[in-house]
Amino acid sequence: MISDLQVFRPGVGWLVPLQEGKVVLAPGEILRVSIAVPYIGPEYEFTLYGSIGQKGLLGFDEILVARASLPCPNSLETFTTVLGSVDIEIIGAGMLGIGGISPGTDYDLYVKIEEKPEVMAEIEDVIEIVGGTSSDMTGMLGMVMMMGMLGMVMPMMTEEGIE
């Protein structure tokens, strides 16, 4: 079902990742997952659903998700190959790792048709996320600490007569 993976890097454009190994992504990039499925039936518009997460004992833990329409033509007598794609934006984890996706090497990819969940594909351990929260947190914590220090020093300076 998954026919192609592409990565959009701002300032560079669309790249086709290597077929072997992992797709390396960073916050701000987009993973385009292209699919090809056989379809027979009346004209219908399905919803293509893509997710990056981790497969566990209790199912797939979805971290980043995206949806796209998947229009299927009227094909009542023969199977027609329908092509579609869904773009999953890579959103880095925020302060203290909350929201978005954290850096790591063991992320999985899951794609399905929402109206027909039995039509799905999953690739395990295919995505690596680089970059992330450390530089964002360092800048934010540095600013908060500086403000706290100023808040403590300023009252001491005015109480002792230094103005």
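Quick note: the coordinates plus some simple rules give every number you see, no bench work behind them. Note that the coordinates shown come from a computational prediction; the quantities given were computed from them, not determined experimentally. Don't worry about glycine lacking a Cβ; one is built from the backbone with ideal geometry, like all the others, and counts go over all protein chains shown.
Observations on the structure shown:
- Given their separation in residues at 0.36 nm each and the Cα-Cα distance between them, residue 44 and residue 4 gain 12.1 nm when the chain is fully extended.
- Each other residue within a Cβ distance under 12 Å of residue 47 adds +1 if Lys or Arg and -1 if Asp or Glu, for a net charge of 0.
- Amide H contacts of residue 82 (H built 1.01 Å from N, under 5 Å, at least 5 apart or other chain): 37, 39
- Net charge in the neighbourhood of residue 86 (other residues with Cβ under 9 Å of its Cβ; Lys, Arg +1, Asp, Glu -1) is +1.
- Sites listed here are GluC sites (Glu not before Pro) in the stretch 18-118 whose DSSP assignment is loop and whose Cβ has at most 15 other Cβ atoms within 10 Å: 20, 43, 114, 115.
- Neighbour net charge for residue 68 - beta-carbon separation under 11 angstrom, K R +1, D E -1: -1
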